[in-house]
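The block underneath contains the structure these notes are about, expressed in structure tokens.
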Amino acid sequence: QQAAMGRLAEQERALFGGAERELVVPRSVAEAALTSPSSPPPKAAKPPARKRGRGGVGFSSSSAKVKTPTTGSPLVVEDRVTAARAKVLVREGVLKIPEAMSRETALSLREAVVEEIDDARAAVRANPALAMARFHAREEQQLRSFHLLPLRTGHGGDCPIVAATRELLSPRTPLGDLYETLCGPRGVLYDFYALRTERGSYRQPVHYDTPFQEVPPLYATFVALQDVAKDMGPTTFLPRTHTQTPGRLEWDRGLVEPHRRDAFLRSNAAEPRYVLLNAGDAVIFDMRILHFGDSNEARTRLMLNLTFRNPRAQGLSDLGHVPCIRPAYKGRLTLDDVRKELARSPADAAFADILAEPPLPVIAE
């Protein structure tokens, strides 16, 4: 099966005909960031008086409505940047966020993830029944595998997983504010794992993670735990294919009529964009979008992956993507819950006593 998928992926590579380009931060987001608290705001004429309050973003399945915020304070400036990011994500289906967490935190988390992978392998050797709860599979895959992470490890003090989660999801963080805008404080933590790919891992065929539906159900984020160069197999996205564009409709029809899929991938409408990341950078995407992971021709690539479920899609049963998270956490934590844990004092109390894993059965020899 993997060989067949590899052949299909190489056929698609030929269809793109070298049209793949790097995804960049949109100009609208970059311009909004120029007035963030880290940079002096440009001088401007005094705006007309408006009711004080925090601006926000709401959206339907295809557009974003941005409330014009009052200008002047750091809170409002951050809202302006979040609003710009949300508009791009709703329109394009994918957005790169540079420095979602610090490089130092990303590299520290990478070391912790490597330790956690070693611990998981040892635990599964001792008790094979743990495999699904550690690898999201009956056994760890050699070249490309999922590693379901705990919310904290046994590290003393503020462990690297907690530190990273705090930088990513606390209030007034780029990713945390964006998730709050898209899913609200009741958005449910749906995935929490590390993705490992090794040199020799194959290129994936173009696919979606969840089928099209009017309400976007899942927003996923990949955070780089080291610099990701082109030869390390970055993820490539086909912008705007999270909605019913003519190209996306042709691709869907191509599932039964392959020539339609081929025609779309060969056309200028496909616009494949790969995402190169530095350690700590992130890419967030609507999981309805068409995308694929490229072949890794270099060295180990580790990514932190986290997903939140949009509560507006609560009534939908077929998401096409089962939760990739430790069983004890499944469906139990909202964004608000996560933030309350991160705000606990002292810092090492976060997640210290929440959702202890139930014992799993031991497979008899």
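The values are calculated or read from the model by the stated rules, or taken from the named source; none is laboratory data. The model shown is predicted, which means the values in this text are computed figures rather than measured ones. Heads up, the Cβs are rebuilt from the backbone with ideal geometry, glycines too, and the neighbour counts pull from every protein chain shown. Areas reflect the complete protein model, heavy atoms only, side chains present, ligands, DNA and RNA absent. Shrake-Rupley method; radii C 1.70, N 1.55, O 1.52, S 1.80 Å.
Structure values in brief
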item	result
Filtered residue count, the stretch 131-154, keeping only those that are part of a loop (DSSP other than H, G, I, E, B) and open to solvent by less than 20 Å² (accessible area, probe 1.4 Å)	3
The stretch 241-257, residues that are touching a helix residue (DSSP H, G or I) at 6+ places or on another chain (Cβ under 6 Å) and either among the acidic types (Asp, Glu) or touching a residue at least 24 places away in the same chain (Cβ under 8 Å) (or both)	Thr241, Glu250, Trp251
Check on Glu12, touching a helix residue (DSSP H, G or I) at 6+ places or on another chain (Cβ under 8 Å), modelled with pLDDT of 90 or more and charged (D, E, K, R)	yes
Selection from the stretch 290-305 of residues that are surrounded by fewer than 24 Cβ atoms within 10 Å (Cβ to Cβ) and assigned to a loop (DSSP other than H, G, I, E, B)	Asp294, Ser295, Asn296, Glu297, Ala298, Arg299, Thr300
Residues being of a type in the set (Val, Ile, Thr), open to solvent by less than 20 Å² (accessible area, probe 1.4 Å) and touching a Pro at 6+ places or on another chain (Cβ under 7 Å) - total across the stretch 327-353	0
Out of Ala100, Ala84, Ala106, sole residue that is touching a residue at least 24 places away in the same chain (Cβ under 8 Å), within 21 Å of the chain's Cα centre (by Cα), part of a loop (DSSP other than H, G, I, E, B) and crowded, with 21+ Cβ neighbours inside 10 Å	Ala100
Qualifying positions in the stretch 306-326 - at pLDDT 90 or above and exposed (fewer than 14 other Cβ atoms within 10 Å of the Cβ)	Val322
